[in-house]
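Novice: Encoded as structure tokens, here's the structure I'll be asking about.
The values are calculated or read from the model by the stated rules, or taken from the named source; none is laboratory data. From a predicted model like this one, the values you see are computed outputs, not experimental measurements. In this analysis, Cβ positions are derived from the backbone assuming ideal geometry, glycine residues included, and neighbour counts consider all displayed protein chains. With ligands, DNA and RNA removed, areas are computed over all heavy atoms of the protein, side chains included. Shrake-Rupley method; radii C 1.70, N 1.55, O 1.52, S 1.80 Å.
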Amino acid sequence: MTHRAVINADVTKGIIDKNIYGQFAEHLGRCIYEGLWVGEDSAIENTKGIRNDVLHALKELKIPVLRWPGGCFADEYHWKDGVGPREKRKRMVNTHWGGLVENNHFGTHEFMALCEMLGAEPYINGNVGSGTVQEMSEWVEYMTFDGESPMANWRKENGQALPWRVKYFGVGNENWGCGGNMRPEFYADLYRQFQTYVRNYGENKIYKIAGGANVADFNWTEVLMREAAPFMDGLSFHYYVHPGGFWNKGDAVRFDEAEWDISMQKAYHIETLIDKHATIMDKYDPEKRIAMIVDEWGAWYDVEPGTNPGFLYQQNTVRDALIAGISLNIFNNHNDRIKMANIAQMVNVIQSMVLTEGDQMLLTPTYHVFKMYTVHQDSERVSLDIDTTSLEADGINYPQVNGSASKQEDGTVNITLTNASRTDEATLDLHVRGLDYKNVIGEVITSTDMHHHNTFDEPEKVTPTAFTDFKEIDGGINVSLPPMSVVLLTIQAS
Ligand code: AHR
């Protein structure tokens, strides 16, 4: 069959918030230590303790916002342990992730320096589960108060004279689970209490994010919206793709055809969940003032054989490129409600951008998708309708082709398309309306084998290449999407 699509470049649908391309760095496994932080005395080249190879790679992604310090770690993190002279910082046990000793060498000052180097907005996740209202309130004072106060004075003693700008602040994480095993009514009240003392100092205006639901816990969203909507700017939502389910997730590299198919189907499932949570949000917030913040998402598999089960280290294949491409297209297409998303996690953990081993680093297929999709950041979404075939896994249908499109200020239109089939090319007649154009160029991420991934021996097995498999037809472009591909088409306005 020929798939069909119509792009109406003059029918605009609002800005795609660049924060949809956000990242997440957690004190988990080798994400912070080794992956980002090597310390100033390391033999690995670094800037203020952050390794240069990773830093340079991440800069290319134009990361708009970075969430830290967790995840589950956030609700057992006590920020005061991570400031002051490093050699005097308290050592603690990271009980949630692998029971390792955390020396607190990467704390608030180091995180802020990382954000500054990346050009990313900090998104701090506070501790509700095992912290206090005072502790959270003082963290905000420490970071953002410009004047004479106990916390601001302490910050200055620790070498930071000027306050930082902190916009995004999360009040707890997964408080239905690792963040305290709370019922939604209880958390809603705690949220109201804690957020009261998350103050705005001077010009710094905090955007408050309430801990949200997991997967299909619609009651959580209902209760939070009913009880606490006026006190929040965003409500989070978490969803991971586990091909085999949470307890037996499946291998990141050694998987079969059925696992590919179920992974695609589960990647698409996020759209159904977004729609259902959004419908509940619409009931309490028809103006869409409160954003849906997908601050954890990605494909989560079993750890690589022989690695620490508490470190969640996994490889990343062309399957992950597809999952990233499909998910990001879905987020773009829900830009009316989704204003931020943070893939888990940036380095060496779940669906990471880069993997490291000693002084080596590689870029994953997911990295390449994020780089390809930077064109959508803060661009204007335009209407794209796709008529495609259904594929099926586990009795559930999902589309073979998905996509999203946006327009830049100079009129250039970018379309990102995915073909989830393992075997079949997708021939697509793309009708282009509302745009006079002079030129089309393309880029593709694909591979001939669904297991292909980048290793330290073969770091460029899956990388983007120029895409030329398209031709002009009457009123548009005929595109041949290879099986298992993510494609960017750039239509340059005349
Ligand atoms: O990303 C790994 C963990 O998954 C996070 O720490 C937690 O929030 C979620 O359950």
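Novice: Against the conditions (1) open to solvent by 60 Å² or more (accessible area, probe 1.4 Å); (2) under 30 Å from Thr132 (Cβ atoms), where does Gly49 fall short? Just the number, please.
Specialist: So the condition that Gly49 fails would be (1).
Novice: Go through (1) touching a Gly at 6+ places or on another chain (Cβ under 6 Å); (2) crowded, with 20+ Cβ neighbours inside 10 Å; (3) part of a loop (DSSP other than H, G, I, E, B) one by one and return the number of the condition Met340 breaks.
Specialist: Going through the list (1) touching a Gly at 6+ places or on another chain (Cβ under 6 Å); (2) crowded, with 20+ Cβ neighbours inside 10 Å; (3) part of a loop (DSSP other than H, G, I, E, B), Met340 breaks only (3).
Novice: Okay, next question. Where residues in region 326-336 are part of a loop (DSSP other than H, G, I, E, B) and either at pLDDT below 95 or open to solvent by 10 Å² or more (accessible area, probe 1.4 Å) (or both), which of them is farthest from the ligand (Cβ to nearest atom)?
Specialist: The selected residue is Asp336.
Novice: Are there any pairs, at least 6 apart or on different chains, whose C-beta atoms fall under 6 Å, with the first in region 446-462 and of a type in the set (Ser, Thr, Tyr) and the second open to solvent by less than 50 Å² (accessible area, probe 1.4 Å), and if so, which?
Specialist: Matching pairs, first to second residue: Thr446/Pro482; Thr446/Met484; Thr446/Ser485; Ser447/Val318; Ser447/Val462.
Novice: Counting only residues that are away from the ligand (no atom under 16 Å from the Cβ) and surrounded by fewer than 18 Cβ atoms within 10 Å (Cβ to Cβ), how many does region 209-226 have?
Specialist: Result for region 209-226: 4.
Novice: Confirm whether Val401 is open to solvent by less than 50 Å² (accessible area, probe 1.4 Å) and closer than 30 Å to Asp251 by Cβ.
Specialist: yes
Novice: Restricting attention to region 404-433, which residues are of a type outside the set (S, T, N, Q), under 21 Å from Arg319 (Cβ atoms) and either open to solvent by less than 10 Å² (accessible area, probe 1.4 Å) or touching a helix residue (DSSP H, G or I) at 6+ places or on another chain (Cβ under 8 Å) (or both)?
Specialist: Hits for region 404-433 are Leu417, Ala420, Arg422, Ala426.
Novice: Filter region 260-301 down to the residues that are surrounded by fewer than 17 Cβ atoms within 10 Å (Cβ to Cβ) and not in a helix (DSSP H, G or I) and list them by number.
Specialist: Within region 260-301, Pro286, Glu287, Lys288, Arg289 qualify.
Novice: Follow-up question, since we're still on this one. Identify, please: which residue in region 31-46 is open to solvent by 30 Å² or more (accessible area, probe 1.4 Å) and within 25 Å of Gly126 (Cα to Cα) and is, among those, farthest from the ligand (Cβ to nearest atom)? Walk me through it before giving the result.
Specialist: First pass over region 31-46, keeping only residues open to solvent by 30 Å² or more (accessible area, probe 1.4 Å): 33-34, 38, 40-46.
Restricting the remaining residues to those that are within 25 Å of Gly126 (Cα to Cα) gives 33-34, 38.
Working: Tyr33: 16, Glu34: 17, Val38: 22 Å.
Result: Val38.
Novice: OK, next. Are there strands (runs of 3 or more DSSP E) fully within region 347-395 with at least 1 residues that are in contact with a Lys or Arg (Cβ under 9 Å, 6 or more places away or on another chain) and closer than 24 Å to Asp261 by Cα? List them.
Specialist: The strands (runs of 3 or more DSSP E) meeting that bar are 380-387, 390-393.
Novice: Report the residue count in region 447-462 for those that are of a type in the set (S, T, N, Q) and open to solvent by 40 Å² or more (accessible area, probe 1.4 Å).
Specialist: Initially, region 447-462 is screened for residues of a type in the set (S, T, N, Q), giving 447-448, 454-455.
Now restrict to residues that are open to solvent by 40 Å² or more (accessible area, probe 1.4 Å): 448, 455.
Of the residues in that region, 2 qualify.
Novice: Does region 1-16 include one or more residues that are within 25 Å of the chain's Cα centre (by Cα), open to solvent by 60 Å² or more (accessible area, probe 1.4 Å), hydroxyl-bearing (Ser, Thr, Tyr) and within 26 Å of Ala291 (Cβ to Cβ)?
Specialist: Looking through region 1-16, at least one residue is within 25 Å of the chain's Cα centre (by Cα), open to solvent by 60 Å² or more (accessible area, probe 1.4 Å), hydroxyl-bearing (Ser, Thr, Tyr) and within 26 Å of Ala291 (Cβ to Cβ).
Novice: Looking at Thr356, Thr374, Thr364, Thr388, which one is touching a residue at least 12 places away in the same chain (Cβ under 8 Å), more than 25 Å from Pro122 (Cβ to Cβ) and either more than 16 Å from the ligand (Cβ to nearest atom) or more than 13 Å from the chain's Cα centre (by Cα) (or both)?
Specialist: On the way: Thr356 fails: more than 25 Å from Pro122 (Cβ to Cβ); Thr374 fails: more than 25 Å from Pro122 (Cβ to Cβ); Thr364 fails: more than 25 Å from Pro122 (Cβ to Cβ).
So the residue among Thr356, Thr374, Thr364, Thr388 that is touching a residue at least 12 places away in the same chain (Cβ under 8 Å), more than 25 Å from Pro122 (Cβ to Cβ) and either more than 16 Å from the ligand (Cβ to nearest atom) or more than 13 Å from the chain's Cα centre (by Cα) (or both) is Thr388.
Novice: Here is a follow-up. Which pairs turn up if I take residues in region 70-96 that are under 15 Å from Asn173 (Cβ atoms) and modelled with pLDDT of 95 or more and look for partners that are open to solvent by less than 60 Å² (accessible area, probe 1.4 Å) and more than 16 Å from the ligand (Cβ to nearest atom) with beta carbon separation below 8 Å, at least 6 apart in sequence or on another chain?
Specialist: His78/Met92; His78/Glu135; Trp79/Gly107; Trp79/Thr108; Trp79/Glu135; Trp79/Trp139; Trp79/Tyr142
Novice: Quickly run through region 218-259 and pick out the residues that are assigned to a loop (DSSP other than H, G, I, E, B) and closer than 29 Å to Glu121 by Cα.
Specialist: Answer for region 218-259, where residues must be assigned to a loop (DSSP other than H, G, I, E, B) and closer than 29 Å to Glu121 by Cα: Met232, Asp233.
Novice: Mind counting the residues in region 459-473 that are under 23 Å from the mean Cα position of the chain (by Cα) and hydroxyl-bearing (Ser, Thr, Tyr)?
Specialist: The number of residues fulfilling the criteria is 1.
Novice: Quick check: is even one residue across region 128-138 outside any strand (DSSP E or B), within 16 Å of the ligand (Cβ to nearest atom) and more than 24 Å from the chain's Cα centre (by Cα)?
Specialist: Yes; the residues of region 128-138 include at least one that is outside any strand (DSSP E or B), within 16 Å of the ligand (Cβ to nearest atom) and more than 24 Å from the chain's Cα centre (by Cα).
Novice: On to the next question. In region 64-83, what residues are in contact with a helix residue (DSSP H, G or I) (Cβ under 8 Å, 6 or more places away or on another chain), within 16 Å of the ligand (Cβ to nearest atom) and in a strand (DSSP E or B)?
Specialist: Leu66, Trp68
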